[in-house]
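Written out below as structure tokens is the structure these notes cover.
The values are calculated or read from the model by the stated rules, or taken from the named source; none is laboratory data. Fair warning: this is a prediction, and the values are worked out from it, not measured in the lab. Here the Cβ is made from the backbone with ideal geometry for all residues, glycine too, and neighbour counts use every protein chain on show.
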Amino acid sequence: MTESIKGNILTPSGWVHGAIAFGDRIEDISGGITDPQHNSDDYILPGFIDLHVHGGAGKDVMEGGDAVHTIARIHARHGTTSMLATTMTAPPEDIDVALTAIGNAVKQRGKDEARVLGAHLEGPYINSGKLGAQPNFARPATLAEVQRLEAMAPLKVITVAPEIAGHLELVRALADEGMRVQIGHTLGSYEEGVAALDHGASGFTHLFNAMSPLHHREPGMVGAALAHAEYAELIPDLLHVHPGAIKTALRAIPRLYCVTDSTAATGMPDGEYMLGRHIVHKCMGGVRLPDGTLAGSTLTLDQALRNLVGLGLELADAVKRVSTNAADYLGIEERGRLKPGAYADLVVMDRNLNLKAVYIEGERCDLNDA
């Protein structure tokens, strides 16, 4: 059954004032090229894509079971139409539980849920000296182990500290298998970052956070990203990264995209929640370990979009940062853009960027609390 909605439609060619017709995929976009400032109609945007999601609605990916489905529902209510469920550094048995559940969620999307595209394996192949909020179960990687994990759920993104012995060779092997290898939770130098990129690494995990910083005589991993990266993810909750640093990254990295790094505390009141094996505390809009270390966020991508526009980005550019660039990073042509043949993943927002409707593969989601 075909549905049609009208408004200011953001297409790959620019804004169209008209109608978009769709079933599970977009069938037609009609109307004329326009500047949305010439009318007061709603914005119709590509659905948001989040490649770093740990939790939401009180649930954590590491719980396994049905937790991923609950998480996918809460994020759908904030405009995320597809996502990567993200693991924590943990003992092997915990990661197995999480990936088994993610694999099941990939096979079957439930009602009102964002599409789970696969997993982001954030650890355990990180540097124990740069854990951030990760539990201390870091260990070196082997190709055989990653291949075993890949059999449980599609590993779309894997975070690696390239300075660990043997990891540069692993980066090349994983990239050759089609995984997006990201540099993160690392004490690596600028030179080690450049070497990782030369070996096939393609991005950086939550840029600036949990990596060696930029200094004018020791550029560090941040310097490698700013000088050489085509893609990197960044958390724009205005707590993890200063607005000035966000603007620096936007100028330096052509296809910077935004993630939430959201936790079980997302969409929940202040209090205690789990992040993997850690107890974390939500207070004053942030999530922290008992020692004050930032431990993920409560961000949603609709708020990320508003934050980017508040920093001065044009809406069309901000949408790329929460949708199109992430799709391009994964090599997905049929999401993250509104064009005939693409999935009907749509977000409708009013002129103040408040969410009015979300469609996932043509299905309108219930935006009310479960």
Restricting attention to segment 166-176, does a residue exist that is of a type in the set (A, V, I, L, M, F, W, C) and closer than 20 Å to ARG335 by Cβ? no
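Return the residues of segment 27-64 that are of a type in the set (A, V, I, L, M) and surrounded by 24 or more Cβ atoms within 10 Å (Cβ to Cβ); say none if nothing qualifies. Steps first, please.
Just the residues of segment 27-64 that are of a type in the set (A, V, I, L, M), to begin with: 29, 33, 44-45, 49, 51, 53, 57, 61-62.
Residues satisfying the conditions are ILE44, LEU45, ILE49, LEU51, VAL53, VAL61, MET62.
Any idea which residue in segment 102-122 is nearest to the chain's Cα centre (by Cα), counting only those that are in a helix (DSSP H, G or I) and crowded, with 24+ Cβ neighbours inside 10 Å? Show your work before the answer.
Taking segment 102-122 first, the residues in a helix (DSSP H, G or I) are 102-107.
Now narrow it down to the ones that are crowded, with 24+ Cβ neighbours inside 10 Å: 102, 105.
On the way: ILE102: 15, ALA105: 17 Å.
Restricting to residues being in a helix (DSSP H, G or I) and crowded, with 24+ Cβ neighbours inside 10 Å, the top hit is ILE102.
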Looking across segment 123-159 at residues that are of a type in the set (S, T, N, Q) and not in a loop (DSSP other than H, G, I, E, B), the single one that is farthest from GLN108 (Cα to Cα) is SER128
Test result for LEU330, more than 30 Å from LEU155 (Cβ to Cβ), of a type outside the set (Val, Ile, Thr) and surrounded by fewer than 23 Cβ atoms within 10 Å (Cβ to Cβ): no
Identify the residue in segment 333-368 that is in a loop (DSSP other than H, G, I, E, B), among the small types (Gly, Ala, Ser) and on the phi < 0 side of the Ramachandran plot and, among all such residues, is surrounded by the most Cβ atoms within 10 Å (Cβ to Cβ). ALA344
Looking at the structure I just gave you, is LEU174 farther than 20 Å from ILE235 by Cα and crowded, with 18+ Cβ neighbours inside 10 Å? yes
Quick check: is even one residue across segment 356-365 aliphatic (A, V, I, L, M), at pLDDT 95 or above and under 20 Å from the mean Cα position of the chain (by Cα)? yes
How about segment 233-312: which strands (runs of 3 or more DSSP E) wholly inside it have at least 1 residues that are surrounded by 24 or more Cβ atoms within 10 Å (Cβ to Cβ) and among the aliphatic types (A, V, I, L, M)? 278-283, 286-288
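For ILE95, state whether it is β-branched (Val, Ile, Thr), within 20 Å of the chain's Cα centre (by Cα) and in a loop (DSSP other than H, G, I, E, B).
Values: β-branched (Val, Ile, Thr): yes; within 20 Å of the chain's Cα centre (by Cα): yes; in a loop (DSSP other than H, G, I, E, B): no.
Here the answer is no, as ILE95 does not meet what is asked.
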Could you please tell me which pairs satisfy a Cβ distance under 9 Å, a separation of 6+ or placement on different chains, a first residue in segment 94-106 that is over 18 Å from ARG73 (Cα atoms) and β-branched (Val, Ile, Thr), and a second residue that is modelled with pLDDT of 95 or more and buried (at least 24 other Cβ atoms within 10 Å of the Cβ)? ILE95/MET62; ILE95/THR87; ILE95/MET88; ILE95/THR89; ILE95/LEU121; ILE95/PRO124; VAL97/MET62; THR100/ALA153
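Mind counting the residues in segment 66-77 that are part of a loop (DSSP other than H, G, I, E, B) and within 15 Å of ARG364 (Cβ to Cβ)? Give the steps one after another, and end with the answer.
First, pick out the residues of segment 66-77 that are part of a loop (DSSP other than H, G, I, E, B): 66, 77.
Within this subset, residues satisfying the condition of being within 15 Å of ARG364 (Cβ to Cβ) are 77.
Number of matching residues: 1.
Restricting attention to segment 108-130, report how many residues are among the charged types (D, E, K, R) and more than 23 Å from THR300 (Cα to Cα). It would help to see each step written out before you state the result.
Let us first name the residues in segment 108-130 that are among the charged types (D, E, K, R), namely 109, 111-113, 115, 122, 130.
The next check asks that each one be more than 23 Å from THR300 (Cα to Cα); those that pass are 130.
Qualifying residue count for the region: 1.
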Among the listed residues ILE235, ILE246, ILE253, identify the single one that is modelled with pLDDT of 95 or more, farther than 20 Å from PRO140 by Cα, among the hydrophobic types (A, V, I, L, M, F, W, C) and in contact with a His (Cβ under 6 Å, 6 or more places away or on another chain). ILE235
Kindly list the number of the only condition in (1) touching a residue at least 40 places away in the same chain (Cβ under 8 Å); (2) touching a helix residue (DSSP H, G or I) at 6+ places or on another chain (Cβ under 9 Å); (3) part of a strand (DSSP E or B); (4) among the aliphatic types (A, V, I, L, M) that fails for ILE9. (2)
